[in-house]
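Take a look at the structure below.
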Amino acid sequence: MKLRKEGGGIMSGSATEPAVLPPSPAQIVPTDLSEQMLELDDDDDLEVFSKDVTVTDGGAFSTSDQISPCSLLNQYGFEEEEGDSNVKDIFVTVDNPESHVTTIETFITYRVLTKTTRSEFDASEYEVRRRYQDFLWLRGRLEEAHPTLIVHPLPEKFVVKGMVERFSDDFIETRKRALHRFLNHVAEHPILSCSEDLKVFLTAQAWELTSHKKQGPGFLSRMGETVRAVAASVRGVRNRPEQFNAMQEYVESFGQKISSLDKIAQRIVKEQKEYLEELRECGPTYTLWSGSEEELVEPLKGVASCLDRCCKEKEDQVRQLSEHLAPTLHEYALCADTLKAVLRRRDNIQAELEAKNDALATKKIDREAEPRERGVVWQSLLGRDPEEARQQKQHRLEGEIVELKEDIDKLEDRVEWANNALKGDWNRWQRSKRRDLRSAFVHMAEKNVDYYEKCLAVWESFLVSQRTEFGDGAERRLPSTS
Amino acid sequence: MRTTAAAAATMADSGSGDIAVTGNRDLAAGESGSDAKNTTAEQGTTLLKTMEINVAEAEKRTGKNAVNMLETYTVYLIETRPVDTVSEGISPTPDSLWRRYSEFEILRNYLLVTYPFVVVPPLPEKRAEFVWHKLSADNMDPDFVERRRVGLENFLLRVASHTALSNDKIFFTFLTEENGWKEIVFETGFQAKADSRLKALNATFRVKNPDKRFAEMKHYGDELQSVISQLLRVRARVADRLYGVYKVHGNYGRVFSEWSAIEKEMGDGLQSAGHHMDAYAASVDDILEEEEHYADQLKEYLFYMDSLKAVCRKHELTQFELEMAAQDLSSKKQQREELATGTVRTFSLKGMTSKLFGQETPEQREAKMKVLEEQIQEGEEEVKEKNSECDEFVNNAWCDIERFKDQKDHDLKEALISYAIMQISMCKKGIQVWSNAKECFNKM
């Protein structure tokens, strides 16, 4: 894959990130499967680290993925504690959806605000407007550039079921929040946040972005990639390292579970909404009743008012659910698909290497083989000297073998790089997943407690008002003889 | 359903008579208060002051019915015990007998006919109505049977605490004599005394001067029936939806448990959170069962409205009969006048025929006059009688209606308070479950 290395000349490390300490065992955050999979210790890290430096030094083109200054330093800093939010130096928000009408189409743009202290950025604040297609483009580019990194998913194009109107407020709001989360995940990613495409996305004017989009690998080279990817996946990989098998298994199960939870969360939202609809009838019915009564007017109106207030609280609760938990679960269901794709791409790279190795082996055999009778006869039929022909053939083979060996070298680097990138990003993703899901569930539990607390207060105050009333009434009513 | 004070105190049903007695003491006290206003009522004692009544159990029986077919039905055990023994701390075995729902119906119909001025307590519903999906509409369903048992007990307690009703011999026999009661009650001939529907309807339409208060009461009865029916329907739908919400959370429990198997660090938190989700889902059963009690309290007053309206209709009937008698009397008087003066002011066939065929002889006329005078005298007595009947009815009925109004206001207010208490309890449970869940999630 011949990717032009963007930002290739900028090797001077003018990054503003603090120096990253080589990960020591104490700093390695134990995550779920990583303990078993990742036997990283200092030596391995350093070894790989130094190897890569020689490969990328001087800005030479390489088949490995682009490396930019900050990623070089941060590359194996995946094991940083989550407290690296303290050193967060880029803040992105997505808000303010607006409708744009042209003669051809109508679409929504979102305002993207960036605040940053990074030196790659000329200014410290940027404000641009982007549409969903732009986000799609960005993500595509990031995936292309980093096939074995885990890029956060985007909200889907269009929800078919549930009859969501493409331009309904709810849909736009949900999408806006999801886009915000997407950008934030990208901006937090040590490697992805350094992407030139991201920078252009965040800073360029509309026309600049359009022209930038036109650059990059052309149609033909992308076609080539696709063909090779398909060929590789058809071939399949033979010796997948155990840790990636474990990842595969995990992703399958995780994907299933999260999808279930996604469905459950959506179902709960639906049930709550239907419950709310029915509940709304209660208050007015009590009010209606109070119209026929005398003594009971106060308690009836009280109950009606309590029910109305509970309805409001329920509305709030439902909104919280649909704004936070449900979308998060949905995103991680999409993540599972992303992970599967990443694993597939890694497999493909390894499959390519295996294929080249096979080819090399075949050629070597050819080289050692005795020239066959038939081959000689054929050559002499063509009027060539058998000995000359054989030498020509040997020469050609040698050339091919050398070329293959070079390719294989590069591929081996690529495979190693891809594997390490994935391993590292896997841990980062696991941490991020844990953080996001925990926070979403905690938030849901909090909001539910909130709802019940508010309703409790409502009913308790009603009770207090009635009890004092009733207290007096009872004294008045019951005669002293009893 | 227990009477109100008890219901507010505990939601759990208990068969102990103590609570019942306490609850009804309120009523009894109230009644003695209102009875003091009523000069014509009997002394303010009620059966409940001397006797403790329980409907303790329900049982299934199979037997042959009137058409010799095998049927399954439920019988209820009525236990009675003199109050003195309870307060003295002695608890002898109560007397008891078994009755089925149809016998309660007969008793009630008897009371309706015999005490038309009383707002007679209703029986629990014959078939489960206003159901939401969980509750089966089957009469044999144990929940339904249990709620009916409570309702029947409530009926007996209400009757036993009413000054007029509780002193009725038939009622007493119902509680104490298992066999032969049916024969005794039918011997009273109460079925024949019942006013026909047609008669009552006729009176309603044609009565000229009913007491306005009764008309208002009838109107109120209609309104209350309408609004309570609506409330019960809404409540049933809400209950159905609430059930759905809680139960879906049970799915979280299942999936969390499965998910925790593939996670290392998040596993424990997920697993324990899952347990809380299961607990949350299960908690709705109790919540809705409590709400059924509330619905039953509303239903009682829904059905009470029929009795209330019946009393009002009875007034219209007595008033109508009075008016008919008065009208009859005045027409007879008018005939007498015509006969005496010889003028025919009103058209009558007789007048016409006598005009056509000649006048009557003086002897004939005198005979007629005599008959008329007799009739008029009878008529006047009847009007007097009907008048006093009507007055008596109005007084008694209005007195009972006032009693009923107080009871209704008291009971329904208690019901609303108990509803608030239920909501509070539900909220507290919710807070607990979700706080626990939050702790578990934090450990994820």
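A:Thr338 meets the conditions (1) open to solvent by 60 Å² or more (accessible area, probe 1.4 Å); (2) of a type in the set (Ser, Thr, Tyr); (3) modelled with pLDDT of 80 or more in every case but one. The failed one is (1). Regarding B:His276, is this residue open to solvent by 10 Å² or more (accessible area, probe 1.4 Å), within 30 Å of B:Asn154 (Cα to Cα), more than 16 Å from the chain's Cα centre (by Cα) and within 13 Å of chain A (Cβ to nearest Cβ)? Here the answer is no, as B:His276 does not meet what is asked.
The set of residues in the range B:430-444 being open to solvent by 40 Å² or more (accessible area, probe 1.4 Å), assigned to a helix (DSSP H, G or I) and more than 8 Å from every other protein chain (Cβ to nearest Cβ) consists of B:Gln432, B:Asn436, B:Glu439.
Summed over the range B:156-187, residues that are in contact with a strand residue (DSSP E or B) (Cβ under 8 Å, 6 or more places away or on another chain) and of a type in the set (Gly, Ala, Ser) total 1.
Of all residues in the range B:156-199, those satisfying the criterion of being modelled with pLDDT under 85 and either in contact with a helix residue (DSSP H, G or I) (Cβ under 7 Å, 6 or more places away or on another chain) or open to solvent by less than 60 Å² (accessible area, probe 1.4 Å) (or both) are B:Lys193, B:Ala194, B:Asp195, B:Ser196. Residues in the range A:386-417 that are more than 19 Å from A:Ala351 (Cβ to Cβ) and either of a type in the set (Val, Ile, Thr) or touching a strand residue (DSSP E or B) at 6+ places or on another chain (Cβ under 8 Å) (or both): A:Ile401, A:Val402.
Among the small types (Gly, Ala, Ser) and at the interface with chain A (Cβ under 9 Å from one of its Cβ atoms) - does that describe any residue in the range B:265-272? Yes, the range B:265-272 contains a residue that is among the small types (Gly, Ala, Ser) and at the interface with chain A (Cβ under 9 Å from one of its Cβ atoms).
Scanning the range B:219-257 for residues that are surrounded by fewer than 17 Cβ atoms within 10 Å (Cβ to Cβ) and over 33 Å from the mean Cα position of the chain (by Cα) gives B:Lys247, B:Arg254. For the range B:219-248, the set of residues classified as more than 7 Å from chain A (Cβ to nearest Cβ) and either in contact with a Pro (Cβ under 6 Å, 6 or more places away or on another chain) or over 18 Å from B:Phe130 (Cα atoms) (or both) consists of B:His219, B:Gly221, B:Asp222, B:Tyr246, B:Lys247, listed by residue number.
Applying the criterion of at least 3 residues that are among the polar types (S, T, N, Q) and without any contact (Cβ under 8 Å) to a residue 60 or more places away in the chain to the helices (runs of 4 or more DSSP H) found wholly in the range A:276-370 leaves A:282-290. Of the residues making up the range A:387-402, those that are surrounded by fewer than 15 Cβ atoms within 10 Å (Cβ to Cβ) and either under 11 Å from A:Leu360 (Cα atoms) or of a type in the set (Ser, Thr, Tyr) (or both) are A:Glu398, A:Val402.
For the range B:414-426, the condition of being out of contact with any strand residue (DSSP E or B) (no Cβ under 8 Å at 6 or more places or on another chain), open to solvent by 30 Å² or more (accessible area, probe 1.4 Å), part of a helix (DSSP H, G or I) and within 14 Å of chain A (Cβ to nearest Cβ) holds for at least one residue. Residues that are modelled with pLDDT of 80 or more number at least 3 in the following helices (runs of 4 or more DSSP H) confined to the range A:169-253: A:169-188, A:196-203, A:206-214.
For the range A:432-440, indicate whether the set of residues that are closer than 22 Å to A:Leu334 by Cα, of a type in the set (A, V, I, L, M) and modelled with pLDDT of 90 or more is non-empty. Yes, the conditions are met somewhere in the range A:432-440.
Among the residues of the range A:285-296, those that are open to solvent by 10 Å² or more (accessible area, probe 1.4 Å) and facing chain B (nearest Cβ under 9 Å) comprise A:Leu288, A:Gly291, A:Ser292, A:Glu293, A:Glu294, A:Glu295. Out of all the residues in the range A:264-273, is one or more at the interface with chain B (Cβ under 9 Å from one of its Cβ atoms) and over 17 Å from A:Asn448 (Cβ atoms)? There is no residue in the range A:264-273 that is at the interface with chain B (Cβ under 9 Å from one of its Cβ atoms) and over 17 Å from A:Asn448 (Cβ atoms).
The values are calculated or read from the model by the stated rules, or taken from the named source; none is laboratory data. Just so you know, these numbers come straight off a predicted model, no measurement behind them. Every residue, glycine among them, receives a Cβ derived from its backbone with ideal geometry; neighbour counts consider all protein chains shown. Just the protein is used for accessible areas: all its heavy atoms, side chains included, with ligands, DNA and RNA removed. Shrake-Rupley method; radii C 1.70, N 1.55, O 1.52, S 1.80 Å.
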